[in-house]
Amino acid sequence: MKVQRRTVLKGLLAASAAVAAPPFLRAQAAPFKIGLLTVKTGPLAQGGNQMEQGILTFLTEKNKTLAGRAIELIVADTGGNPAGAKTKASELIERDKVNVILGPLAAFELLAITDYVRDNATPLISIAAAEDVTQRKANPFVIRPSATSAQCCHAMGDFASKELKFKRAATISEDFAFGYEQMAGFQRVFEDNGGKVVKKLWPPFVTPDYTPYIAQISNVDCVFNGFAGSNPVKFMRAYADLGVKDKIPLLAGWTAMDDALLKSLGDEAVGVISAAWYSSEANTPSNKRFVEGMQKAYGVLPGGYSAGMYVAGQCVEAAIQILGGKADDRKALAEALHKVSLTDTPRGPVKFDQYGNVVGDVFIRKCEKKDGKLVNTVIKTYPNVSQFWSYDEKAFLGNPVYSRDYPPAKNLE
Amino acid sequence: MSLWLTLAVNSIALGGLLFLLSAGFSLIFGLMRIPNLMHGSFFMLGAYFGVSFLQQGVNFWLAALLSGVAMALIGGLIERFLLKRLSGQELPQVLLTLGLSFIIADLCLMIWTGDPWQPATPPQLRGAVQVAGLFFPIYRLAIVAVAVVVALALWLMIDWTRLGAKIRAGVDDAPIARMVGIHVSKLFTLIFALGAGLAAFGGVMGAPYLSVYPGLDAEMLPLALIVVILGGTGSLVGAFVGSFVIGFLYNFGQAMFPDLAYVILFLPMVLVLVLRPQGLFGKVMS
């Protein structure tokens with residue numbers, strides 16, 4: 001953390017040095033300002049720090065210049081709550097007059113500020129997963145290069161039913177919107193392919209011990225979990241300790257088996273199959289640069305939160321390029337961001353649908369132990385996955401948004 | 001059937017851990033009359049200390065002990081140099097403990113980062129015992145054993161030593177205890193250090209299955225509060241019984257009434273507050 005703060009300071013110093021340079025050294029325009037809404041204090045700080053590391057890695061690699069424009073990065077700590085997100089968003093927009101906002105981390109933070117960024121015509125590149133922000137309540141100022149909650153889970157449902165030939169599944173995830181949306185996506189595809197979700201468990205976000213929930217699981221072929229933050233670490237240890245792991249294979253969403261989490265996990269994670277939109281193993285040139293940059297600066301294996309911000313930086317660069325450097329009109333910038341199409345990002349090719357959500361690859365990974373270290377080895381890639389999976393877009397949007405009760409679980413026992 | 005057995009054994013294990021957490025909390029509450037809002041922080045900080053010791057290759061039990069001793073020192077210093085200045089002013093004392101808990105939380109975030117840490121279970125306690133086709137992790141049973149040993153030691157100290165007699169006198173009536181020549185303020189420091197040390201020890205014991213992460217403090221503090229309100233402040237028996245009651249309620253409640261997961265722990269607390277405000281084993285304050 002100390003190192004990080006110092007690195008941030010260095011970054012800011014370098015940025016301010018660029019601003020303070022004599023006029024003839026400066027580009028003709030003022031620096032392009034990127035506001036990062038992240039979380040550096042409180043329980044969500046883990047993901048927030050990774051977000052900051054991701055964008056700093058990208059800016060360092062680009063020498064803080066994107067498409068000829070000098071970049072100034074302004075980091076704001078929301079504290080991981082909606083009120084803080086709103087306050088910091090207005091600081092970034094009204095005081096710092098940023099050109100674009102990256103973040104925030106959590107869905108409830110994003111929901112607190114989507115109307116605000118629209119009213120203030122400031123483009124926002126989200127990593128939060130709330131489905132409707134790029135669906136029924138699509139916002140012309142928001143794009144999402146990561147994924148909706150269910151985007152990877154659709155693929156997991158497909159893989160579990162078609163390739164793993166599982167027939168009966170139980171799901172378990174936190175009792176909040178991100179959990180509901182993930183489990184709904186899995187259930188829909190899994191059941192459309194002939195499987196049955198026979199048990200859905202919803203522990204509260206704060207659950208000191210998962211044993212009472214795990215003890216209820218029996219007579220299924222697999223368990224799909226969608227935990228986030230530090231919860232997957234606790235859950236998987238309990239799952240293995242109770243001897244269930246040897247009997248019932250465990251499947252996971254991207255936050256539950258994120259590459260950045262591997263260093264906190266032990267043998268209990270070996271064999272877990274997960275679906276994610278980013279893999280640190282991906283073999284693209286930009287991913288190699290990204291992973292190396294993260295290793296060098298922070299000594300960590302990057303996961304989705306860092307990669308999401310790195311890709312967000314690439315989107316900003318591409319949008320400035322589209323606008324020929326004249327990126328100060330925020331509305332034009334928002335439109336340009338929607339048109340961005342990248343062939344080389346750490347997560348593979350990236351383009352956006354008309355609602356601003358990414359169409360990109362989803363990786364199915366299996367956790368293995370190699371040379372004493374855990375790795376998520378990619379065993380299958382679903383290319384160009386849309387947020388609507390293979391469903392018709394109109395019909396998809398005609399249904400209610402994914403929730404705890406939709407689609408209805410008809411096969412519960 | 002196997003579900004109920006698993007839940008029952010797990011209830012006892014959770015109860016053991018809760019006792020380590022709340023015994024000190026109860027004594028501090030009973031003696032000093034303040035709910036120590038730092039108690040969750042002691043638990044978390046202790047667990048982090050344990051993680052650091054373990055990374056240095058220290059033996060698990062030694063790490064737990066060292067962490068407990070270190071935390072007892074810190075707790076003693078906090079009481080001696082900060083809380084004492086506010087002696088007799090309960091509200092400022094409570095606010096001080098709350099403020100310090102925020103500071104500790106941010107310090108932990110700086111030092112140990114936001115990444116969750118989950119120390120490996122000590123090798124000799126790894127694995128599960130299999131009874132009637134049912135797995136049960138040995139480690140959790142070990143926690144119960146440790147909690148029972150600690151409970152016995154505390155009981156011996158409180159009920160059979162001179163120091164314990166002084167503490168009991170202080171809990172019952174601090175002004176009178178002072179009048180008969182007991183250094184109640186020294187007892188305050190001692191009990192505060194003891195409570196902090198126990199919480200930290202519990203933190204290390206819990207780490208292999210709870211894991212350590214930012215926010216653990218805020219998760220544990222309400223549990224300690226519930227246990228103590230249920231059992232009665234200043235009463236070891238109360239803390240012991242309260243811990244196991246909560247352990248059972250937590251496990252069976254979450255399995256049987258999953259939709260009531262949030263209320264199930266607070267319901268008995270509300271009942272106790274209405275019917276027997278001093279707690280099951282608490283004494284009526286004069």
On average, how many beta carbons from a partner chain sit within 10 Å of the beta carbon of a residue in B:212-220? 5
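What's the long-distance tail for chain A, i.e. % of Cα pairs beyond 31 Å?
Details: 29709 of 85078 pairs.
Across chain A, Cα pairs with separations above 31 Å total 35 percent.
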Around A:Glu268, under 12 Å between beta carbons, what's the net of Lys plus Arg minus Asp minus Glu among the other residues? +2
How do A:Glu163, A:Glu91, B:Glu79 line up, fewest other C-beta atoms within 10 Å first? A:Glu163, A:Glu91, B:Glu79
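Relative contact order of segment B:2-275, please, whole-number percent, based on alpha carbon pairs below 8 angstrom and at least 6 residues apart. Don't jump to the answer; show the numbers that get you there.
Details: 394 pairs, mean separation 115.5, N = 274.
It comes to 42 percent, rounded to a whole number.
Report the net charge of residues surrounding A:Ser161, where surrounding means a beta-carbon distance below 12 angstrom and charges are Lys +1, Arg +1, Asp -1, Glu -1. Each step should come with its number before you reach the end.
On the way: positive: A:Lys162, A:Lys165, A:Lys167, A:Arg168, A:Arg188, A:Lys196; negative: A:Asp158, A:Glu163, A:Glu191, A:Asp192, A:Asp221.
Overall, the nearby charge balance is +1.
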Across bins of 10 angstrom width beginning at 0, how are the C-alpha pair distances of chain B distributed, in whole percent? 7, 28, 36, 22, 6, 1, 0
I need the phi-derived Karplus couplings for segment A:401-408: 6.51 cos²θ - 1.76 cosθ + 1.60, θ = phi - 60°, integer Hz, Gly and Pro marked x. 5, 4, 8, 4, 10, 10, x, x
Chain B - mean residue ellipticity at 222 nm from DSSP helices (-39,500 (n - 2.57) per run, n ≥ 4, rounded to 500): -24500 deg cm²/dmol
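When Lys and Arg each count +1 and Asp and Glu each count -1, what net charge do the other residues less than 11 Å away from A:Phe190, Cβ to Cβ, add up to?
On the way: positive: A:Lys162, A:Lys167, A:Arg168, A:Arg188, A:Lys196; negative: A:Asp158, A:Glu191, A:Asp192, A:Asp221.
So the environment of A:Phe190 carries a net charge of +1.
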Give the peptides A:373-386, B:248-261, A:298-311, A:116-129 in descending order of average Cβ contacts within 10 Å, highest first. A:298-311, A:116-129, B:248-261, A:373-386
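May I ask you to order A:404-412, B:31-39 by the average number of other C-beta atoms within 10 Å around their residues, highest value first? Walk me through the numbers on the way to the answer.
Numbers: A:404-412: 13.0, B:31-39: 24.0.
Most protected by this proxy first, the peptides run B:31-39, A:404-412.
If you stretched the chain out fully between B:Leu125 and B:Gln89, how much longer would it get, using 0.36 nm times the residue separation minus the C-alpha to C-alpha distance? If you can, show how the numbers build up before the last one.
Values: separation 36, 0.36 × 36 = 12.96 nm, distance 4.59 nm.
Taking B:Leu125 through B:Gln89 to full extension adds about 8.4 nm, to one decimal.
Pairs of Cα atoms under 8 Å, at least six residues apart: use those to get the relative contact order of segment B:57-212, whole percent. Walk me through the intermediate numbers first.
On the way: 104 pairs, mean separation 73.6, N = 156.
Contact order relative to length: 47 percent.
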Classify segment A:257-413 from the C-alpha gyration tensor, please: rounded if a/c falls under 1.5, else prolate or oblate depending on whether a/b exceeds b/c. oblate
Could you give me the ³J(HN,Hα) list for segment A:184-200, computed from phi with Karplus coefficients 6.51, -1.76, 1.60 and θ = phi - 60°, whole Hz, x at Gly and Pro? 5, x, 4, 4, 4, 5, 4, 6, 5, 8, x, x, 9, 8, 9, 8, 10
Which whole-Hz couplings ³J(HN,Hα) result when phi for each residue of segment B:222-228 is put into the Karplus expression 6.51 cos²θ - 1.76 cosθ + 1.60, θ = phi - 60°, listed in order with x for Gly and Pro? x, 4, 4, 4, 4, 4, 6
Ranking of A:His338, A:His154, B:His183 by count of other Cβ atoms within 10 Å, fewest first: B:His183, A:His338, A:His154
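In deg cm²/dmol, rounded to 500, what helix-only [θ] at 222 nm does chain A give when every DSSP H run of at least 4 residues adds -39500 (n - 2.57) and the total is split over its residues?
Values: 12 runs with 146 residues, N = 413.
For chain A, the value works out to -11000 deg cm²/dmol.
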Can you list residues from other chains, or at least 5 along the same chain, whose modelled amide H is less than 5 Å from the amide H of A:Ile379? A:Ile364, A:Arg365, A:Lys366
With Rh as the Kirkwood radius over Cα pairs, segment B:15-95 has Rg/Rh of 1.03
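Classify segment A:139-185 from the C-alpha gyration tensor, please: rounded if a/c falls under 1.5, else prolate or oblate depending on whether a/b exceeds b/c. Intermediate values should be presented prior to the final figure.
Values: a/c = 4.25, a/b = 1.70, b/c = 2.51.
Cα axes put segment A:139-185 in the oblate bin.
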First check a/c for segment A:121-224, with a ≥ b ≥ c the square roots of the eigenvalues of its C-alpha gyration tensor; if it is under 1.5, answer rounded, and if not, answer prolate when a/b is larger than b/c or oblate otherwise. oblate
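What is the Cα radius of gyration of the protein assembly as shown over 2.2 N^0.38 Å, N being its residue count?
On the way: Rg = 26.8 Å, N = 699, 2.2 N^0.38 = 26.5 Å.
Taking N as the residue count of the protein assembly as shown, the ratio is 1.01.
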Once amide hydrogens are built 1.01 Å from N within the peptide plane, the residues lying 5 or more places from A:Ile74 or on another chain with amide H under 5 Å from its amide H are A:Ile34, A:Gly35, A:Leu36
Which whole-number percent gives the relative contact order of segment B:1-113, counting Cα pairs below 8 Å spaced six or more residues apart? 31 percent
What residues qualify as long-range amide H neighbours of A:Cys222, i.e. H under 5 Å apart, gap of 5 or more or another chain, H built at 1.01 Å from N? A:Arg168, A:Ala170
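We did not get these values from a lab; they are worked out from the coordinates using the rules stated. All values derive from a computational prediction rather than experimental measurement. As a convention, Cβ positions derive from the backbone with ideal geometry for all residues, glycine included, and neighbour counts pool all protein chains shown.
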